[in-house]
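The values are calculated or read from the model by the stated rules, or taken from the named source; none is laboratory data. These figures come from a predicted structure and were not determined experimentally. No Cβ is skipped: glycine too gets one built from the backbone with ideal geometry, and neighbour counts run over all protein chains shown.
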Amino acid sequence: MKLRPYQNKVIDDFYNYYSTGNGKNGILVLPTAAGKSIICGKLITDIVRIFPNQRVLLLSHVRELISQNHSKIMLCWPEAPAGIYSAGLNKRQSHHPIVSASIQSVYKKANMLGHRDLVFIDESHLLNSEGIGMYRHLLKEMMIINPKLKVCGLTATPYRMDSGPLTAGENALFNDIISEIFISDLLDEGYLTPPISKASLAQADMEGVKRTAGEFNIKQMAERFDQKAFMNAALDSDLPYFADRKCIALFCPTIENAQHVAEGMVARGIACEVIHGDMGLIEREDKLERFRNGQLRALASVGVITTGTDIPGIDCIVLLRATESPGLYQQIVGRGFRVVYAEGYDLETKEGRLSSIRNGPKPNFLILDHGANIERHGAITHVEKPKARVKGERRAILKADVRICDFCRSCWPMEVTVCGTCMMELVDKRDMTANLSINASNADIMGTPFSRGEKAEWFGVDEVQYSSHLKKGGTESFKVTYHCGIMQFNEWLKPSVTSRWLKWWKDRNSDIAVAVNIRDALHDSVLLKRPSSVLVFKNKQGYYEVMDYEFNKSTKAHTGSIATTA
């Protein structure tokens, strides 16, 4: 099996760490859709193939993960001596050199599992920070059998709400983060689908809701989200955004709440069913399969598809719940990251992958947040990680100021003054209204270099699009859109005999006549060379300006596309 470059790096980091013989335990940090199960399967099978005497245990907490992890092991090595021990899957295979097991089924069965050399713990952020619980009980007993037992954690979120980083504290099981892959890098390289967010017109009021163990009280939260007026307002405001979405996942706090959501979706003409953890395995798998293959357009979920569910087609996520947990927030949003590549592109190159995503059936996925989760936790690429708290100290509730584009309803952080979607100016409405609670999630789901306060920066250009653009007032211009990884930048030009236009055109093709009107410019745009990179600057008014270009000798014409309107 051929792995991606970053996956090979993680494997190399693993071997480098454990080959030192320092007796420490480490964590592999991989975002959702990065291929965590494949990496783990490749590591385990290579270890047992090269060192046949090694015995490995892979622990998970839900049957979906157990089944998924085992299938990836068999994909990496069809003849692998691997078994499953899980009451939920009705399998009790404990003597294989490789065992994928449910912690609930084996935490009292260390002697039955016997000598193990290496234990992988999937979703390792679930380990108790106090040194107690099922995982700790099992590991303590296993270390009596083998004092040299090595443990490796796998997670997208290497921290806990109550204690901060998994490597901190006197009872920490893990010493170091071995390798960490970042969402922003995978987005930029074309390995994840880019997210977008829109402001809806209904947001649950969480004021006064109690917190239990650092999370919103489920019963009280459900009461806020289950109010009929709110539910109708939320679904009505989302309905226009559902029009071009094929696979909609709605996340709810309780089964009763999810049932009401599903009824509301059906009443609006969208096939939707409920799925939850108490549902029988056969019924649950049937719903997931119909959702996966497009027979069921929407699922209202209660704690099911947040982990261990591989459904690449999910292109819309609706948060009809709130959470104080940045880990749960990342897991929910992460359901949309999986990529659906279009055929006919070179997926070995960054440019090919990004073009394949843009021109495929899922160019992005949409987040509709009715629980202020984006404001609470920040952009998905830069989630605010919890710090270790002093006992008795109350964690502050985060709330970010945001701007909503009046024209296209896209959401942006307060420091952004121009909408990156339609380039309209964003208005600061903090002084115009005393209460912004009528808006759902008004924050940008994804951080950008400019929203993080950076200056002018060069961006590699993957694709260029040309179109005619009619501004307010009737002025027409020649619009150029540069696609640069997950970012895009626009410039508006007026074909004429000015020195600026002449230079712009000749830089791209000096062998053809200069177009002096928009119609001719669009016609001949297929002959223009694509810049290899552009220099982009955010001016004092907050507008993005394309300041300069670079051309590699290898850049060719016919790399862009044309639209007649924009």
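Quick notes
- Within segment 289-323, the set of residues being under 25 Å from Pro194 (Cβ atoms) and part of a helix (DSSP H, G or I) comprises Phe291, Arg292.
- Hits in segment 502-523 (condition: out of contact with any helix residue (DSSP H, G or I) (no Cβ under 9 Å at 6 or more places or on another chain) and in a helix (DSSP H, G or I)): Leu502, Lys503, Trp504, Lys506, Asp507, Ile518, Arg519, Asp520, Leu522, His523
- Any hit, segment 528-538, residues being closer than 26 Å to Leu192 by Cα, surrounded by 13 or more Cβ atoms within 10 Å (Cβ to Cβ), modelled with pLDDT of 80 or more and of a type in the set (D, E, K, R): yes
- Verdict on Asp236 being of a type in the set (Asp, Glu) and not in a helix (DSSP H, G or I): no
- Per-region count, segment 83-112, residues over 23 Å from Met143 (Cβ atoms) and hydrophobic (A, V, I, L, M, F, W, C): 3
- Meets criteria (touching an Asp or Glu at 6+ places or on another chain (Cβ under 8 Å) and either over 23 Å from Ile374 (Cβ atoms) or in contact (Cβ under 8 Å) with a residue 12 or more places away in the chain (or both)) for Glu256: yes
- Test for Lys350: is it at pLDDT below 80 and surrounded by fewer than 20 Cβ atoms within 10 Å (Cβ to Cβ): no
- Just one of the numbered conditions (1) at pLDDT 85 or above; (2) in a loop (DSSP other than H, G, I, E, B) is not true of Leu328: (2).
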